[in-house]
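Asks: I have a structure here, written as structure tokens, and I will follow up with some questions on it.
The values are calculated or read from the model by the stated rules, or taken from the named source; none is laboratory data. These numbers were taken from a predicted model, which means no experiment stands behind them. All Cβ positions, even for glycine, are placed from backbone atoms using ideal geometry, and neighbour counts span all protein chains on display. The accessibility values were calculated without ligands, DNA or RNA, using every heavy atom of the protein model including side chains. Shrake-Rupley method; radii C 1.70, N 1.55, O 1.52, S 1.80 Å.
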Amino acid sequence: MQEAQIILNLHGIGSPQRVLEPGEEPYWLSVEQFQDIVSFAASRLDKVKCAFTIDDSNLSDATIAGPFLARMGFSAQIFVLTGRIGQKGSLDQIALRDLIDMGHSIGSHGNAHRDWKTLDEGELVDEIHTPRKRLQDLTGQTIDAAGLPFGGYNRKVLAEARHAGFKHLYSSDGGVARDGDWPAGRTSLRRDMSPARMHALFDPEPLFVRLKRRIKAEIKKRL
Ligand SMILES: [Zn+2]
């Protein structure tokens, strides 16, 4: 049987230390919201398999999210924007090392935070191939996972990511992810979600919701 899990996607935690992009603010959780959902996930691990990923390489990955997730027994995938490494409010090379030492893995989120499905050939190289190499050089680790910026993908993006050497790819399509899903669906947590709503993500989805989600993903894969 294929192993199923829910994958919860985080962004910044607490107070941003940089100027936010338009539309980004709703994805920043308070420290309390973040700790509540991670604690809840840890308490349910015997019933529901759950993993965490973090996008955008904010400084809070290293100061808040990474340490707490490690303490609660989670190894997260940290998706890094190479264009922001060392900038104010973002992870630098030392912070990347700290996160690896905490037991987390580094993956790519591209270079300049662009939706990969909007890019031309040259830009695909800049955003998919080059950041992977740069992260491998910086960390000394094999970088085999990528978090799709804005969850955007189509047939070309999936082929290019495969060609670049990625083994795991994560969308923002929600639902339950199974081993081998390409891309694997994640649910991005937002500040306007109540604790009850976040906890309900651990309940099984009705069959028709699951089917609708699968069909939508299959269509995007073929576009
Ligand atoms: Zn992002």
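Asks: Do we have any residue at all in the stretch 89-101 that's crowded, with 20+ Cβ neighbours inside 10 Å, touching a residue at least 60 places away in the same chain (Cβ under 8 Å) and within 16 Å of the ligand (Cβ to nearest atom)?
Replies: yes
Asks: Looking at the stretch 158-173, is at least one residue in contact with a strand residue (DSSP E or B) (Cβ under 6 Å, 6 or more places away or on another chain), outside any helix (DSSP H, G or I) and open to solvent by 80 Å² or more (accessible area, probe 1.4 Å)?
Replies: Start the filter on the stretch 158-173 by keeping residues that are in contact with a strand residue (DSSP E or B) (Cβ under 6 Å, 6 or more places away or on another chain), which leaves 161, 166, 168-170, 172.
In the following step, the residues that additionally are outside any helix (DSSP H, G or I) were identified as 166, 168-170, 172.
With open to solvent by 80 Å² or more (accessible area, probe 1.4 Å) added as a condition, the list becomes 168.
The answer is yes, given that some residue of the stretch 158-173 is in contact with a strand residue (DSSP E or B) (Cβ under 6 Å, 6 or more places away or on another chain), outside any helix (DSSP H, G or I) and open to solvent by 80 Å² or more (accessible area, probe 1.4 Å).
Results for (1) at pLDDT 95 or above; (2) of a type in the set (G, A, S); (3) not in a loop (DSSP other than H, G, I, E, B), shown as yes or no for each residue.
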{"position": "P131", "(1), (2), (3)": "yes, no, yes"}
{"position": "L135", "(1), (2), (3)": "yes, no, yes"}
{"position": "T142", "(1), (2), (3)": "yes, no, no"}
{"position": "F150", "(1), (2), (3)": "yes, no, yes"}
{"position": "K156", "(1), (2), (3)": "yes, no, yes"}
{"position": "W182", "(1), (2), (3)": "yes, no, no"}
{"position": "R191", "(1), (2), (3)": "yes, no, no"}
{"position": "E205", "(1), (2), (3)": "no, no, no"}
{"position": "F208", "(1), (2), (3)": "no, no, yes"}
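Asks: Of the conditions (1) touching a Leu at 6+ places or on another chain (Cβ under 8 Å); (2) in a loop (DSSP other than H, G, I, E, B); (3) not β-branched (V, I, T), L45 satisfies every one except a single condition; which number is it?
Replies: With (1) touching a Leu at 6+ places or on another chain (Cβ under 8 Å); (2) in a loop (DSSP other than H, G, I, E, B); (3) not β-branched (V, I, T) applied to L45, the lone miss is (1).
Asks: Which ones in the stretch 69-84 are open to solvent by less than 10 Å² (accessible area, probe 1.4 Å), in contact with a His (Cβ under 8 Å, 6 or more places away or on another chain) and within 16 Å of the ligand (Cβ to nearest atom)? Give the derivation first.
Replies: Within the stretch 69-84, the subset open to solvent by less than 10 Å² (accessible area, probe 1.4 Å) is 69, 76, 78-82.
Remaining after also requiring in contact with a His (Cβ under 8 Å, 6 or more places away or on another chain): 69, 76, 78-81.
Residues satisfying the conditions are A76, I78, F79, V80, L81.
Asks: Something else about it: State whether the residues of the stretch 111-119 include one that is under 15 Å from T53 (Cβ atoms) and either surrounded by 15 or more Cβ atoms within 10 Å (Cβ to Cβ) or in contact (Cβ under 8 Å) with a residue 60 or more places away in the chain (or both). Steps first, answer last, please.
Replies: Of the residues in the stretch 111-119, the ones under 15 Å from T53 (Cβ atoms) are none.
No: the stretch 111-119 contains no residue that is under 15 Å from T53 (Cβ atoms) and either surrounded by 15 or more Cβ atoms within 10 Å (Cβ to Cβ) or in contact (Cβ under 8 Å) with a residue 60 or more places away in the chain (or both).
Asks: Further question on the same structure: Can you work out which of the residues in the stretch 133-157 that are within 15 Å of the chain's Cα centre (by Cα) and open to solvent by 10 Å² or more (accessible area, probe 1.4 Å) is nearest to the ligand (Cβ to nearest atom)? Lay out the reasoning, then the answer.
Replies: The first filter runs over the stretch 133-157 and keeps only residues within 15 Å of the chain's Cα centre (by Cα), leaving 143-153.
Right, trim to open to solvent by 10 Å² or more (accessible area, probe 1.4 Å) and you get 144, 150.
Values: D144: 19, F150: 6 Å.
By that ranking, first place goes to F150.
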